[in-house]
Each structure stands twice: as structure tokens, then as C-alpha cells.
Protein chains: 2
Amino acid sequence: MDYAAVNLAQKFGLFDEQWQPRVIAQMNDYQFKVVKLQGDFIWHDHQHTDETFIVIDGVLRIDFRDGAVRLGAGEMFVVPKGVEHKPYAEREVKLLLIEPRGVFNTGHEGGERTAENDRWI
Amino acid sequence: MDYAAVNLAQKFGLFDEQWQPRVIAQMNDYQFKVVKLQGDFIWHDHQHTDETFIVIDGVLRIDFRDGAVRLGAGEMFVVPKGVEHKPYAEREVKLLLIEPRGVFNTGHEGGERTAENDRWI
């Protein structure tokens, strides 16, 4: 058994690509993913699960059809299942995402913005 | 629907008691809990679930029967289900715990160190 801590800053230092979540830990069937975002994403939702965003560095805005939430470092938000949302970051933001294994970043929308899933770092 | 961010520092500012986890968010049937620890806890395990520790401030040591892991701010560790562990902090440490709703802090050990469960803040 591995008793090494998972260091978020160290994990963020291992890659530069934006919008490409990397799995860093798993708890039961849920995964912890680090991701760097900048700019606009597509509208999507996750039909079968909530999705948790924790901002580690920077500022994230999550747009909803009827509003938005703005998250700074040390802030989190749980997007309920089935709720359409669109992440946006003016400057690069570093996030920790938590959601069940197998959830795609674009929900069921697919398309060119869909990242490889279950990619560990 | 509430689009307010959950701010960890603000939540930690709402209470002083140690070893008393407070729920701050829920994702499906999993809860995010903030807790302040200092000193030694009891040996326990969780038979049915992994448990995630993320250190927000301070240093946490988690002892296992055959070793230990030391976590500083920005570090995390997932304790696998069924693995006996004992958290320890020389000075107060602020943690984010993630585990399914209904999990007690002492596992199935019970006793005077068992905190009230499902307590929101």
C-alpha cells in the first residue's frame, strides 16, 4: 500500500494543456481530477450525477441558464445533476473536480471539446 | 436554486470546536465536511467506504498499523475502506473530509469521541 500524499501543486506542475482533466485519486467509484481552464466552454449537463468544482488557484465563473456563480481560490460549488452549465475563466484557473468515474467533461454533448476520460497523472 | 459559492475559510470561521465535522456541501450521496483537529484520535476504520482527507491549513499525520502519511496544506489522501487509521495533529489542522453521507467519524467503534453526524453549517 502506498502512503504517499497526493500534492495538488505538484500534479498541476506535470502538464500545461487546458481543458484536459487528469485523475489524481479515486474514492470508491468517485474520481478527483485536476484541470486547467481558460476561456469559454460549451453548454452541457450531466444527466446522472452532480459535479463538484473546487478552485485551487484563479477565478472560475460557472454560467447557468438563469444566473452564474463566481468561485475564487478556496471556494467550491456542486452543480446539481441535469443542470446546464458552462465554465468560463478569463485567466487560467486551476480546479479540482470531483465526480463519479466515467463522467465526460462535455456530459452527453460530445464533440471536439470532449477530453480523454479516466486519464491518470 | 442557490448559486452562492461555498467558501472554506468562511466556514472554518464559524466554529472553534475540534473533532466535530460540519457538512458544507453534498454531491449525490457524498458529503463535504470541514473539521478542525488537534492531538490524537482513536484507531478506527470504515468497513463500507473509502474516506478522503484534504488538508486546507496545517499538518496532518494519518497513522496506519504499518506506517503513516504526512499531509500539508494542498495535499490529500484517500484512506481505503477497511484500513485502520488514526489521525494526529501536533497543532490544529483544518481539513476537508469527503465521504458518503452517514459515515461516523469513529467508524463502528463508537464511544465518547463519536461526533454528531450530518450536522450542516
Simple spin-label estimate for residue A:42 and residue B:3 in nanometres, 7 Å along Cα-Cβ: 2.3
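Express in % the proportion of alpha carbon pairs of region A:64-121 at distances exceeding 18 Å. The partial results should precede the final answer.
Working: 725 of 1653 pairs.
Tail fraction, whole percent: 44.
Starting from the alpha-carbon convex hull of chain A, give the projected area averaged over all orientations, in nm². Provide the component values of the computation, followed by the final result.
Values: hull surface 29.5 nm².
For chain A, the mean projected area of the Cα convex hull comes to 7.4 nm².
Based on the Kirkwood radius over alpha-carbon pairs, what value in µm²/s does the Stokes-Einstein equation return for the translational diffusion coefficient of the protein assembly as shown at 4 °C and 1.567 mPa s?
71
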Cα-based Rg of region B:23-82 per 2.2 N^0.38 Å, rounded to two decimals? 1.17
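Taking the Cα centre of region B:1-97 as origin, sum charge times position over the Cβ atoms of Lys and Arg (+1) and Asp and Glu (-1), and report the length of that vector in debye to the nearest 20.
120
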Taking the label point 7 Å from Cα in the Cβ direction, how far apart in nm is residue B:39 from each other copy of itself, listed shortest first? 5.4
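The numbers here are math on the coordinates, done by the rules we state, and not lab data. Keep in mind the model is a prediction, meaning the values are calculated, not measured. Don't worry about glycine lacking a Cβ; one is built from the backbone with ideal geometry, like all the others, and counts go over all protein chains shown.
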